[in-house]
Structures are given as structure tokens and as C-alpha cells.
Amino acid sequence: MPTAKEWNAQHPVGTRVRYFPRGKQPATGHSQSPNQFFDTKVRRPAYHLSSGALVVPLEGLTGATLAGNIEVLPTATATEQQSPAYGYAGMGP
């Protein structure tokens, strides 16, 4: 896991990410995936908790989430910027 300084250098405020509220789960074969997610952006620079865990503040969340619960998304195209797809998996805008 990178340090907060390294993470922030690679992923500045405004970076698009996919947030998994329950953490990333392995596929189970069940009809309802445990990998519910929503797309959002980094709200403030990442930092370390006193435990050493790296956390990232995200738009739409109070506080911050563990860096391991997010995936960085590719840079948006002009079309994607005009019609963002926020929401839980399987739910259209």
C-alpha cells in the first residue's frame, strides 16, 4: 500500500473512483453480487489514521474510506462527463 503522499501525487482531489461500501468481495455465484458500488470522486487528500491505515475522503461520504475499498477509474471522456452514471450497480440513472 502506498503512503498518503504517494497516493495523493498519483490521485489528486477530483480523481474519479469506484467505491465499494462493503469492500471488494470475491464472486460467490449468487444472483445478487456483494460487490455493490458507486462512482464518485476524491473529495480531499488521502491521509493515514493513527493505526497507519490509508483512508481517502470521497464525495457523498462523511469521513473517509479505506483506500482498499476503492478503484481508480480511467479519465472520463467528454460524453461521460455530460452524463455521469452514479448509483448502485444495476440501477440506472
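The values are calculated or read from the model by the stated rules, or taken from the named source; none is laboratory data. Bear in mind that the values here come from a model prediction, so they are computed numbers and not experimental data. FYI the Cβ positions are ideal-geometry reconstructions off the backbone, even for glycines, and counts take in every protein chain you see. Ligands, DNA and RNA are excluded from the accessible area calculation, which covers all protein heavy atoms including side chains. Shrake-Rupley method; radii C 1.70, N 1.55, O 1.52, S 1.80 Å.
Some observations on this one:
- The residue pairs whose first member lies in region 39-65 and is more than 15 Å from ALA9 (Cα to Cα), whose second member is in a strand (DSSP E or B) and of a type in the set (Phe, Trp, Tyr), and whose beta carbons are closer than 8 Å, counting only pairs six or more residues apart or on different chains, are ASP39/TYR19; THR40/TYR19; LEU58/TYR19; GLY60/PHE38; LEU61/TYR19; ALA64/TYR47; THR65/TYR19.
- Candidate set: region 56-80, residues that are in a loop (DSSP other than H, G, I, E, B) and of a type in the set (A, V, I, L, M); chosen: the one modelled with the lowest pLDDT: ALA76
- Residues that are open to solvent by 80 Å² or more (accessible area, probe 1.4 Å) and modelled with pLDDT of 85 or more occur at least once in region 32-45.
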